[in-house]
Amino acid sequence: MDISQFIVYYLQIVFYTIGSIILCAFLVHACERFFCNMVGGSVGGGFIAAISIIGTPIHELGHAAMALIFDNKIDKIVLWRAKGMEDGLFGSVTCHPRPNKNYVHKVYHEIGELFISLGPIFSGILMLVFTLFACFPNTIQTYFASAGSLIAAGDDGGGLLAEGFKMLPNMFKEIGSGSAPEILQNLALLVIISISLHISLSPADIKTAIPGAKAYLLLALAFTIVTGIFGTTVVSGILGGLQVYHSFMIGLFVIVLVCCLIPIGIALAVRLIYWLITEYIF
């Protein structure tokens, strides 16, 4: 393996493991900011506060779960606070690593800072998929069946996105179909909107993740060097496994992005109706 192949191999490991997840989280954050700008004002602020009652606890529990996994002590956890309507901070988790036993434990804590920041992504996706299975089972099962076939065929993401867009009409068609109580399905839409808009990386999360990201990049470099020694057969096998994982995670994020389109579409429709009324009626 020459130097150029080594660099490409290293970048692929980083991208397939966490790079694509972080990029998707930034995209969701952009959707969240766009939605907040679209529904600005007192009414919009009230709506954001209302949906945060559902989304914020799931977001904070994601931080807390990763903190525990990476051997941190949780000092304080606030799942939701009403004062968030004034300062924009609806919840928080404060933690610190337990005393380091050795160098490996220290590195584990440092990498943990990255995954503690990414925690809301995993908790949010988990709750979103659970909600879809509970209230829109036909839609989510159809998507996973199609996504599984596409991943097995080596889809690069385009097919997954196309299948994801089919979920929107399928979800609305499923309301009242008998697959779940209709009132539960309507409430689930609000839950889905809230969860989707909270699966993102806030500026505070990004700041916390930087030290952990440095440690992770060094660990990935060490893994690249060690596995690269064994030749192209081992490298191809590792990349093949990581590509399957990467495609599966992209498939989950397609669900998140599609669900983000629901509130954005509603906000755009309301803005259009408001503009038409003020422009042509009053």
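The values are calculated or read from the model by the stated rules, or taken from the named source; none is laboratory data. Since the structure is predicted, the reported quantities are computational estimates derived from the model, not experimental observations. Here Cβ is always computed from backbone atoms with ideal geometry, including for glycine, and neighbour counts include all displayed protein chains. Protein only, heavy atoms only, side chains kept; ligands, DNA and RNA dropped before computing areas. Shrake-Rupley method; radii C 1.70, N 1.55, O 1.52, S 1.80 Å.
Assorted remarks:
- Selected residue [at pLDDT 85 or above, surrounded by fewer than 19 Cβ atoms within 10 Å (Cβ to Cβ) and within 28 Å of ALA215 (Cα to Cα)] from LEU61, LEU68, LEU79: LEU68
- Criterion applied to VAL226, VAL234, VAL254, VAL244 was being buried (at least 16 other Cβ atoms within 10 Å of the Cβ) and hydrophobic (A, V, I, L, M, F, W, C), and the one residue passing it is VAL254.
Let's see how each residue does on (1) of a type in the set (A, V, I, L, M, F, W, C); (2) under 16 Å from the mean Cα position of the chain (by Cα):
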site: LYS73; (1), (2): no, no
site: VAL78; (1), (2): yes, no
site: LYS83; (1), (2): no, no
site: LYS101; (1), (2): no, no
site: TYR108; (1), (2): no, no
site: PHE130; (1), (2): yes, yes
site: PHE133; (1), (2): yes, no
site: PHE144; (1), (2): yes, no
site: SER149; (1), (2): no, no
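- Residue check for ILE183: among the β-branched types (Val, Ile, Thr) and loosely packed, with under 13 Cβ neighbours inside 10 Å: yes
- Evaluation of CYS95 against the conditions (1) touching a Lys or Arg at 6+ places or on another chain (Cβ under 7 Å); (2) closer than 16 Å to PHE248 by Cβ shows that the sole unmet condition is (2).
- Some residue of segment 99-111 being of a type outside the set (Asp, Glu) and closer than 19 Å to SER20 by Cα: yes
- Of all residues in segment 119-140 being open to solvent by less than 40 Å² (accessible area, probe 1.4 Å) and among the hydrophobic types (A, V, I, L, M, F, W, C), the one that is nearest to ILE195 (Cα to Cα): LEU128
- Subset of segment 141-176 [β-branched (Val, Ile, Thr) and surrounded by fewer than 19 Cβ atoms within 10 Å (Cβ to Cβ)]: THR142, ILE175
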